[in-house]
Amino acid sequence: MIEPKTFYRKLDFLQSRIDSGKTAKDFLFTIVKELEKTLGKDLNFINGCIYEKDDSGYFLISAPTHIEKTLKPKLHHNDHAVMLLKKSMTYIYDKPVFHIDRIDGEEGEYKTNAAFTVNSPNHSWIFVFELMSGWIREEIDLCLNAIRTALNYRLVAESIQNEMEQANQIQLSLLPMIPPEIQGYQIAARSVPAELVGGDLYDYYSFDENTFGFCIGDASGHGLPAALMVRDVITGLRMGLEKEMKIVYTLKKLNSVIYHAVYSAKFISLFYAEIEKNGNIIYANAGHPSPLLFDGENFSLLDSTGLIIGAFPDIDISRSYTKLPPGGILVLFTDGIVERKNKHSEQFEIDRLKSIICENKEKSAEFIMNSIFEASEHFGKGDKWEDDATVVVIKRE
C-alpha cells in the first residue's frame, strides 16, 4: 500500500499536468505514459492502452508494442465489458477481458484489467490498464476516477469558448443522461432550458433493489444564477441521501444552505419522492407544481407539504404517502410546460396535460414524455421557450 501523502502528492502532480499540458494529437497518449510512470509501480498497474470511439465501436489506437498483438483491435458497443464500463465510468474486471487470449505474467502471475472512460463533447475513449498482484481496489478506484474527472473537464473546457457554454456543459453533466433500470417500472425524463443554461433539474437515486428515489425542481429566474442553484441542490441532495439522512431533515438542511447562498438564485421549488417495488410512495413537496398521479381512470394531485426552499431561514415541511398502482402513471413537470403560451396569450394548462396522459395511457413512459413536449411545443407554435421546461414520467408496468 502506498503512503497516503505520497499518493496524494503524485495524484496532484498528474492533475496539474493534465490542466497545464499543451493539447496536441498525442495529449492522451502522453497522459497514459505519465500516469503509468508516476503511479504505476506504486499501485501495480502497467501496459496502458487507449481505444477510440466511432460509429461502429471502439478501435485500439495506442498500446505498448510488446502486447499490441494480444489485444482486441475492436470493441463493439454492446460488448459486455463495454456495457459494464458505461454504467460506472470506471470498472475493475475479474479477468483480462480486453485481450484475445488469457494473459499471464512472466512468472505465472495472472493479470486482470481496469478501465475508465474519457469524454469530450464530440469524442469518447476507453483507457485500459493491466493490474498486477498487490493492487488495492480503493487505490485504483480513487486514482482512475480522479484522472478521468480531470481529463473530462479539460477536454470539455477546451471544446467550448466562453463561460456560459462551460456552464451549460457542467449543468448537463449534473443531470442524468439515462434513467435507471428499475424492474417493474419505466422512467423517462427531459429538460429544455429557455436560455443556454437553465434552472430546472431532475435526478434519480438508487437505494436497494426494492426502493429508488427521484426529484424535480425549478429555481427562480433563468440563466447562470438559476444554474448555480441547480448545482447546489443536486449536490446537496446527493450528499444528504448518501449519508442516509431522512427526507425532511435533508430538505431542511438544504434550505439553510440555499438561504445563505450569495450568487445563486434565491429560492427553488422541489419535489422529492421514494417509491418501493410494490408502488408505495413517500414524498415531500416543497412548493412545486403538484405532480399528477393517474391510476388508469382518475387523477390525483401530490400537493405541497411545505414551503419553497431558500426563501426563509427555516421551513416547516412534512412527508406524505400515496401509491402507484400497476399500470399507473406519475407525471412530474415544471411551470414551463403548463404555462407555455400561444399567440392569443392562452396557457397550455394542466387539463391539456391530463388529456395527453389519458390518450396515451397504454404507451411507454418515453412515448408519453415525448408527446407532452410535442404538444406543448406545437401549442406555442414552435416559438422559443419563455421558461425552462422539464417532464419526468414514471410508469408502473
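Here, each number is a calculation from the coordinates, and none is a lab measurement. As the structure is a prediction and not an experimental result, all values here were calculated from the model. Cβ: placed from backbone, ideal geometry, glycine included. Neighbour counts: every protein chain shown.
How do the peptides 347-355, 333-341 rank, highest first, by the average count of neighbouring beta carbon atoms within 10 Å per residue? Intermediate results must be reported in sequence, preceding the final value.
Numbers: 347-355: 14.7, 333-341: 21.4.
Averaged packing, sorted descending, gives the order 333-341, 347-355.
How big is the gap, in Å, between the Cα center of the range 197-262 and the Cα center of the range 19-80?
So the separation of the two Cα centres works out to 36 Å.
Filter the cross-link list Lys53/Lys384; Lys266/Lys361; Lys252/Lys361; Lys87/Lys246; Lys86/Lys395 down to pairs whose alpha-carbon distance in this structure exceeds 32 Å. Please list the in-between numbers first.
On the way: Lys53/Lys384 34 Å; Lys266/Lys361 37 Å; Lys252/Lys361 36 Å; Lys87/Lys246 27 Å; Lys86/Lys395 25 Å.
Check vs 32 Å cut-off fails for Lys53/Lys384; Lys266/Lys361; Lys252/Lys361.
Can you give me the convex hull volume of the Cα atoms of the chain, divided per residue and expressed in Å³? Please report the intermediate quantities before stating the final value.
Details: hull volume 67.0 nm³, N = 397.
Spread over its residues, the Cα hull of the chain gives 169 Å³ apiece.
Which peptide among 50-57, 85-92 comes first, and what is the full order, when sorted by highest mean count of other Cβ atoms within 10 Å?
So the order, starting with the most tightly packed, is 85-92, 50-57.
Are there GluC sites (Glu not before Pro) in the range 154-251 that DSSP marks as loop and that have at most 13 other Cβ atoms within 10 Å, and which are they? Present the calculation step by step, with values, prior to reporting the outcome.
Details: sites: Glu158, Glu163, Glu165, Glu181, Glu195, Glu209, Glu242, Glu244; in loops: Glu181, Glu195, Glu209, Glu244.
The qualifying sites are Glu181, Glu209, Glu244.
Please give the contour-minus-distance gain from Ile282 to Lys33: 0.36 nm per residue of separation, less the Cα-Cα distance, rounded to one decimal in nm. Present the calculation step by step, with values, prior to reporting the outcome.
On the way: separation 249, 0.36 × 249 = 89.64 nm, distance 5.02 nm.
That works out to 84.6 nm of additional length.
Report the FRET efficiency, 1/(1 + (r/R0)^6), for Glu397 and Ser133, where r is their Cβ-Cβ distance and R0 is 56 Å, rounded to 0.05. Kindly include the intermediate steps, with their values, before the conclusion.
On the way: r = 46 Å, r/R0 = 0.83.
Efficiency for this residue pair is about 0.75.
To the nearest 10 degrees, how steeply does helix 247-259 sit against the main Cα axis of the chain, on a 0 to 90 scale?
90 degrees
Mind pulling the angle between the C-alpha long axis of helix 137-159 and the longest principal axis of the chain? Nearest 10 degrees, somewhere in 0 to 90.
It works out to around 70 degrees.
Under a plain spin-label model, where a point goes 7 Å from the Cα along Cα-to-Cβ, how far apart in nm are Ile67 and His260?
4.9 nm
Work out how much length Ile2 to His80 would gain on full extension: take 0.36 nm times their residue separation and subtract the Cα-Cα distance, in nm to one decimal. Could you put the intermediate results ahead of the total?
Details: separation 78, 0.36 × 78 = 28.08 nm, distance 3.21 nm.
Separation in residues times 0.36 nm, less the Cα-Cα distance, equals 24.9 nm.
Tell me, what does the Kirkwood hydrodynamic radius of the range 4-159 come to in angstroms if you use every pair of distinct C-alpha atoms?
Taking every pair of different Cα atoms in the range 4-159, averaging 1/r and inverting gives 15.8 Å.
Report for the range 246-397 the percent antiparallel among DSSP-assigned beta bridges with both residues inside it, nearest 5.
Percent antiparallel among DSSP bridges in the range 246-397 is about 95.
What is the sum of charges around Pro313, taking Lys and Arg as +1, Asp and Glu as -1, for the other residues whose C-beta is under 13 Å from the C-beta of Pro313?
Result for the neighbourhood of Pro313: +1.
Applying a 10 Å radius around every beta-carbon, put 33-39, 319-325 in order of their mean neighbour count, most first. Spell out each step's value before the answer.
Working: 33-39: 17.7, 319-325: 15.0.
Packing proxy ranking, top to bottom: 33-39, 319-325.
Testing the spin-label approximation: label points 7 Å from Cα along Cα→Cβ at Asp26 and Thr149. State their distance in nm.
Rounded to a tenth, the inter-label distance reads 3.0 nm.
Taking square-rooted eigenvalues a ≥ b ≥ c of the alpha carbon gyration tensor, is the range 241-366 rounded, prolate or oblate, where a/c under 1.5 means rounded and, failing that, a/b exceeding b/c means prolate?
Values: a/c = 2.66, a/b = 1.31, b/c = 2.03.
Note, shape of the range 241-366 comes out oblate.
Please state the shape class of the range 169-396: rounded when a/c is under 1.5, otherwise prolate if a/b exceeds b/c and oblate if not, all from the C-alpha gyration tensor. Please report the intermediate quantities before stating the final value.
Details: a/c = 1.61, a/b = 1.08, b/c = 1.49.
It is oblate, given that a/c is not under 1.5 and a/b is not larger than b/c.
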